[in-house]
Every structure is written in structure tokens, then in C-alpha cells.
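Coordinate-derived values only; no laboratory data. None of these values were measured; they are calculated from a predicted model. Neighbour counts run over all protein chains shown; Cβ positions are idealised from the backbone, glycine included.
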Amino acid sequence: MDSRLLVTALCVVAFFAPAAAQTPELATAARGSGTPDIPGLKMIWLAPWGEVSSAHPWRNIIVHQTEGPAGSARSGAQQQAKDPTRRGVTVWVETDGTVYWAVPENLVPTHGDGANRNDNKYIDNGPTFHQVVGSNSIGVEFAGNYPDVTRGATEAQVAAWRILVRVLTARYGIPVGRVYAHNWIDYKDARYCEGCALATLAK
């Protein structure tokens, strides 16, 4: 089977499979501090959590995909950790499903281009136009769609995302309706819809 078809099939299966219930262990971990073990995730902590009450008041989640090769999440996260407010995101996900928490949760990296999409092509942009921006949205970057930007997330990334999105929504009290693909809110690249499959999966 063509690898692109396989990834698409896996995403479809993951989408229609029922999401696992929020287990007590996951809920407890999601409200913790320091470098907690997150059940089901391989998490590399470049920046530990503080008390959740001291975190930036995140209202949304924006899903990004970077035009980088497999292995680039680690280097991207390390660069972000050295300069937290540079253009980039708080959380990076490698093709093998490893999650890098790169930025203290009280700091705001530069991502999102101002929520400039107002065409209702993918979603109703009324509530997002100039509203869902980097300063109120925690960003998650999925690496590995180079050189074919149309290639979807790997099976390991999809599995990690299904857990990670529950952690983020539980920790910051963000409804799943406020999980957005980059391409839903900002004009990006006509070659593919950045983050769309993963944001759809979250809902």
C-alpha cells in the first residue's frame, strides 16, 4: 500500500475510534507540576511545569506542522528552549511520537499570524478572526512532513496527539471546540492544509 494511503487510513481509524476516557492517572498528571510522567506519552521536559495557576491564561490550542525532516522536532524544541519567545511553539512532537515541552507555560512564543482568515473556507471564522492568536493560544508543532508537505502525521504522532490534547484541555480548561488548525485561522500554504487532520481528530 502507498505510504500516503496508509497514513490516511490510520488517521481515519483514529478519528472514528472512541477516545479513551480521561483516566484518574491522566487527570492527576495533567494538573501536576515539575516533570510528571504522563501515562502513554514519552515526554522530554526542556521546561518543567509550574503551578497551573501561574500559567499563561491559554484559551485555545493551535496545531502546526513544520516543513522539516524527521528528527527536527528535537532541534526545534532545543532552539525554542534557548529563546522561548522566538517564532515557534511551546510543544513539539517528533515523528516517533516523542513530545518535547520546550517553553515554560507562563511564556508566550511567537506563532500564529494574526488570525487573518475570514473566508469560512474550513470553519466559521467569525469567532476566530483576529481573536485566536499566539498570545492566547498554546501551540503544538508536528515535525516531519519534508520533503512532501502533503504527508500526514505518523501513526506514532497521532497516538501521542490523542493523549496530549486531553492533557492540554484538562490542564488549561480549554474546550475541544477551541482546538484549531493553523490553516483554519491563518492563510498558509496552498499545497496542503496545515494541522487540519490533527485538529479534526481532536474534536
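Quick one: which of 91-98, 133-140, 189-196, 118-125 comes out on top by average Cβ neighbours within 10 Å, and what's the full order, highest first? Mind dumping the intermediate values first?
Numbers: 91-98: 23.0, 133-140: 21.5, 189-196: 17.1, 118-125: 12.8.
So the peptides 91-98, 133-140, 189-196, 118-125, ranked by packing, come out 91-98, 133-140, 189-196, 118-125.
The lysines whose alpha-carbon is closer than 19 Å to the alpha-carbon of K203, local same-chain residues fewer than 8 away aside, are K121. The helix-only estimate of mean residue ellipticity at 222 nm for the chain, built from DSSP H runs of length n ≥ 4 each weighted as -39500 (n - 2.57), is -9000 deg cm²/dmol after division by the residue total.
Give the calculated FRET efficiency between N116 and S54 to the nearest 0.05, with a Förster radius of 30 Å applied to their Cβ-Cβ distance. Please list the in-between numbers first.
Working: r = 31 Å, r/R0 = 1.04.
The value I calculate is 0.45.
Averaged over residues, the count of other Cβ atoms within 10 Å places the peptides 99-106, 33-40 in the sequence 99-106, 33-40, highest first.
Only one of the listed values, (i) 31, 22, 14; (ii) 23, 20, 18; (iii) 28, 20, 16, was derived from the coordinates as semi-axes √(5λ) of the Cα gyration tensor in Å; which label is it? Checked against the structure: label (ii).
Inter-label distance, A190 to S33: 5.1 nm, where each label sits 7 Å from its Cα along the C-beta direction.
Length gain on complete extension for the stretch A159 to Q78, per 0.36 nm per residue less the alpha carbon to alpha carbon distance?
Values: separation 81, 0.36 × 81 = 29.16 nm, distance 2.29 nm.
Between A159 and Q78, full extension yields 26.9 nm more.
From the Cα gyration tensor of the stretch 127-173, with a ≥ b ≥ c the square roots of its eigenvalues, which class applies: rounded if a/c is under 1.5, or else prolate if a/b is larger than b/c, or else oblate? Verdict is oblate for the stretch 127-173.
Can you name the helices of the chain, as whole DSSP H runs, whose Cα span along the helix axis is 15 Å or more and whose Kyte-Doolittle mean is not below -1.0?
Values: long enough: 3-16 (20 Å, 2.12); 72-82 (16 Å, -1.41); 155-172 (26 Å, 0.47).
Sorted by number, the helices that extend far enough and score high enough are 3-16, 155-172.
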